[in-house]
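Asks: Structure in structure tokens, see below.
The values are calculated or read from the model by the stated rules, or taken from the named source; none is laboratory data. In this text, all values refer to a predicted model and were calculated from it rather than measured experimentally. Heads up: the accessible areas ignore ligands, DNA and RNA and are worked out on the full protein's heavy atoms, side chains in. Shrake-Rupley method; radii C 1.70, N 1.55, O 1.52, S 1.80 Å.
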Amino acid sequence: MAKWFNVGKIVNTHGINGEVRVISRTDFPEERYKIGNCLYLFMEGKEEPVPLTVSSHRTHKTFDLLTFKDYPTINHVEKFKNGLLKIEESQLGDLEEGEYYFHEIIGCDVWTVEEEKIGTIKEILTPGANDVWVVKPLKGKELYIPYIEDVVKKVDIREKKVIIEPMEGLLS
């Protein structure tokens, strides 16, 4: 049975030329939305996903705008609204050392170098220069951990464990 990974959700159409607005949930949009790539559309009430080949990609405000081969007009893509775009595990590809897929990081427990458990990573934000890992702490408000060398000291995907050196004020 295939294992699927979310890429984004189609939230609306854009214009009349078959373009759709996607809220991305992917680690590497530039790879996922490359012209010629295959994405799979999952629609509520449908058993089988629809394979879609990316024809164009551009960004507009907070959305990724896509068109698909053989779906040239708004009439063709209107039915895609609220559909989820996914890829198969085989499409993930290898990463360089120090790079991780979101699904590998989300769910990891966060510990300090002094072996104090802080909480669990529940989300990843991508504001710009570096990713920020959102941690649901054992108590208190969410914590935001920048994924930088000075803070993140070790990531063990197999053990689902991240060790950090907290910056001043992070845990207070």
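Asks: At 1.4 Å probe size, what's the solvent-accessible area of Ser56? Round to the nearest 10 Å².
Replies: 40 Å²
Asks: Sort Leu66, Leu84 by accessible area with a 1.4 Å probe, largest first.
Replies: Ranked list, largest accessible area first: Leu84, Leu66.
Asks: Also: Quick one: how many Å² of Ile16 are accessible to a 1.4 Å probe, rounded to 10?
Replies: Here the accessible area works out near 130 Å².
Asks: To make sure I understand the rule: partners must be lysines, Cα under 21 Å from the Cα of Lys79, and not fewer than 8 residues away in the same chain. Which ones qualify?
Replies: Partners within reach: Lys9, Lys46, Lys69.
Asks: Hey, how much of the P(r) for region 108-158 falls beyond 19 Å, as a percent of Cα pairs?
Replies: Tail fraction, whole percent: 21.
Asks: How much accessible area per residue does region 4-117 have, in Å², with a 1.4 Å probe?
Replies: Working: 6840 Å² over 114 residues.
In whole numbers, region 4-117 has 60 Å² accessible per residue.
Asks: Given a 1.4 Å probe and heavy atoms of the protein chains only, how would you sort Asp27, Asp150, largest accessible area at the top? Kindly include the intermediate steps, with their values, before the conclusion.
Replies: On the way: Asp27 35, Asp150 115 Å².
From most exposed to least exposed: Asp150, Asp27.
Asks: Determine which aspartates and glutamates satisfy two conditions relative to Lys160: a Cα distance under 12 Å, and not lying fewer than 8 residues away in the same chain.
Replies: The reachable aspartates and glutamates, counting only those whose Cα sits under 12 Å from Lys160, are Glu104, Asp109.
Asks: Sort Lys46, Lys9, Lys34 by accessible area with a 1.4 Å probe, largest first.
Replies: Listed by decreasing accessible area, they come as Lys46, Lys34, Lys9.
Asks: Report D for the chain in µm² per second (integer): Stokes-Einstein, Kirkwood Rh on Cα pairs, 25 °C, 0.890 mPa s. List each step's numbers first, then the result.
Replies: Working: Rh = 17.8 Å.
After rounding, the answer is 138 µm²/s.
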